[in-house]
Amino acid sequence: MSSSTSKRTTVSSPGKVLLAGGYLVLDPSHQGYVVSTSSRFYTSIASTSTPPPPPPSSSNSSSTTATIITVRSPQFVDAEWRYLVDSETGKVTEQEVGKGGKNKFVRIAVEKTLKVAEELVGKEKVAEGIKGGWDIIILGDNDFYSQRKQLESLSLPLTFDSLSHLPPFAPTHTTLGDVHKTGLGSSAALITSLCAAILLHLSAVPTSAFSSSTPSEENKPMQLVHNVAQYCHCLAQGKVGSGFDVSSAVWGSQIYRKFGVDALEELMTAEEGPSSSLLPSLQPSNPKWTNEVNPFGLPAHTRLMLADVDAGSDTPSLVGKVLKWKAAEPTVADMLWKTLSNANDALAIMFDTLNTMSSMDPSAYEEALTACATRRAGSWSGSAASETANSVIDVLSTTRDQSQSIRSLMKRMGDLSSVPIEPAGQTSLLNACYALPGVVAAGVPGAGGFDAIWVLVIDLPSTRSPTPAEQVESVWVGWKDMSVCPLSARAEKMGGLRIEKEGSVKGLEGVLV
């Protein structure tokens, strides 16, 4: 890093868990139910007055209008990328640095977001803003990457307590290409935080845009950030995906409905020239951006528990196979998707109903949860003293049944498409969790596969030990058929993009020195 900095901007985006809506969320006629996590990606941009010189091998480094932007990810081996930005043409050239190889996601986010900024505030202001160079550091919380090897190297068991002994932003001791991800949406959170940080650092969007975690007609700058991040993420992936991961990285937990494919179709296929413009297509006023975001949250006094299992799944590969099956068997697939969509919607209604019950009669609600926290689901019915509390228990039982129904339908889709959406190993593990007291719901998130599991448990401070969470953790620790490592992430109520003060994030300030 340079010896002198004049301005720093730090922005973070949360990870995500798609509780319901896997595969269906690709179709705008269906919804996805997304929970944002406490685990975040951080992008910190420092304007530098003494930038590092370009590598001697760079043939185009002699341009007097060129500025160097260096991007580093200290958690990985050989994770440094250097970009030469020509302030006159806007061209971004990636230079070879070390053995880390090129990074398409970062390059596209830098190049396209700078171009949008130029269209928003003018080429001269952007040139002045990057003059002298930038040093960008990107970091992800530990939960985005498997910590199994780190814990084993320290002779620590795979427990929540052991995770607390790891330093923040722990080194992965591997390259970015070889790291084992946990499925929390690292690429979407990375790109979203990077795009937002660039636009904010250049004053292309105001700080006031980050004050709300829900989209609104008034907050068009944040909608623009979302559209830019979606574009960069899709372009880097080479296709238009569901977009829920970027949307939750911007606005947090939500009920999500995808934008139409034509929102980005023109930009994805266009041959971009020096005079081409990105802004008209990405502006919130473009009627093609039909995506919807509505509030979504877990029931009061419940806790979402997440675990990383043996090996990550290749989500694009799984999705491709399911979509191929859907195209080959449209009648069967459409019927199954409709049934599954109704089941997903019903689960969200149960969550909302429980939250309403909690607000209307907190005492009866807590009485119901207290009764269920120490009982297996088969003995929940009628276990509370009051009639109101037993009504809450009835909704809890329906919620549990609905979760099981969704699992069954997802497994059915996996069987029909020959895709391991809920592999046998996960089925055995989830069934063991379901058999425990105080477990409300469980499943494999998103597209499924050998990636992760989630379990929703009753979480009351008054519950005597062992609590539902402790009993679930005990099953995970003792599981013999596969290695199960918990994630420390919690569901985050106030999710979405936010501006960070470096000193308020544990471990961040030390990495930025």
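The values are calculated or read from the model by the stated rules, or taken from the named source; none is laboratory data. Computed from a predicted structure; not experimentally measured. Using ideal geometry, Cβ is built from the backbone for each residue, glycine included, and neighbour counts are taken over all protein chains shown.
Return only the number of the condition from (1) part of a loop (DSSP other than H, G, I, E, B); (2) over 20 Å from the mean Cα position of the chain (by Cα) that G183 does not satisfy.
The failed condition is (2).
Across region 325-357, what is the total count of residues that are among the hydroxyl-bearing types (S, T, Y) and within 13 Å of I393 (Cβ to Cβ)?
The number of residues fulfilling the criteria is 1.
Quick check, is G241 surrounded by 15 or more Cβ atoms within 10 Å (Cβ to Cβ) and either among the aromatic types (F, W, Y) or at pLDDT below 95 (or both)?
It is true that G241 is surrounded by 15 or more Cβ atoms within 10 Å (Cβ to Cβ) and either among the aromatic types (F, W, Y) or at pLDDT below 95 (or both).
Looking at (1) touching a residue at least 40 places away in the same chain (Cβ under 8 Å); (2) part of a helix (DSSP H, G or I), can you tell me which one K338 breaks?
(1)
Give me the helices (runs of 4 or more DSSP H) completely within region 196-284, filtered to those with at least 2 residues that are among the hydroxyl-bearing types (S, T, Y), ordered by residue number.
244-251
For region 244-266, which residues satisfy the criterion of being free of Cβ contacts under 8 Å to residues at least 60 places away in the same chain and either hydroxyl-bearing (S, T, Y) or buried (at least 21 other Cβ atoms within 10 Å of the Cβ) (or both)?
Selection gives V246, A263, L264.
In the set K326, K321, which member is modelled with pLDDT of 95 or more and out of contact with any strand residue (DSSP E or B) (no Cβ under 7 Å at 6 or more places or on another chain)?
Result of the check over K326, K321: K326.
Hey, any hits in region 313-331 for a residue that's outside any helix (DSSP H, G or I) and surrounded by 15 or more Cβ atoms within 10 Å (Cβ to Cβ)?
Among the residues of region 313-331, at least one is outside any helix (DSSP H, G or I) and surrounded by 15 or more Cβ atoms within 10 Å (Cβ to Cβ), which makes the answer yes.
State yes or no: is T353 modelled with pLDDT of 95 or more, of a type in the set (V, I, T), in contact with a helix residue (DSSP H, G or I) (Cβ under 6 Å, 6 or more places away or on another chain) and outside any loop (DSSP other than H, G, I, E, B)?
yes
Conditions first: (1) modelled with pLDDT of 95 or more; (2) closer than 15 Å to A441 by Cβ. A377 passes all but one, so which condition is the exception?
Every condition holds for A377 apart from (1).
Can you tell me which of (1) modelled with pLDDT under 95; (2) under 30 Å from T399 (Cβ atoms) is the one D262 doesn't meet?
(2)
Sort out which residues of region 122-160 are without any contact (Cβ under 8 Å) to a residue 12 or more places away in the chain and within 27 Å of E502 (Cα to Cα), and write them in order of number.
Scanning region 122-160 gives a single hit, E128.
Restricting to region 360-388, name every residue that is part of a helix (DSSP H, G or I) and under 18 Å from P461 (Cα atoms).
Hits for region 360-388 are P362, S363, A364, Y365, E366, E367, A368, L369, T370, A371, C372, A373.
Keeping to region 199-211, report how many residues are under 20 Å from the mean Cα position of the chain (by Cα) and over 15 Å from A249 (Cβ atoms).
1
Evaluate the following for T467: is it in contact with a helix residue (DSSP H, G or I) (Cβ under 9 Å, 6 or more places away or on another chain), surrounded by 18 or more Cβ atoms within 10 Å (Cβ to Cβ) and at pLDDT below 95?
no
Being of a type in the set (S, T, Y), modelled with pLDDT under 95 and buried (at least 16 other Cβ atoms within 10 Å of the Cβ), is that true of even one residue in region 94-117?
No.
With S146, S187 as the choices, which residue is at pLDDT 95 or above and touching a His at 6+ places or on another chain (Cβ under 8 Å)?
The conditions single out S187.
So that you can scan it fast, the table gives a plain yes or no per residue for (1) hydrophobic (A, V, I, L, M, F, W, C); (2) part of a loop (DSSP other than H, G, I, E, B):
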residue	(1), (2)
V110	yes, no
L114	yes, no
E119	no, no
V126	yes, no
G129	no, no
I138	yes, no
P157	no, yes
D161	no, no
F169	yes, yes
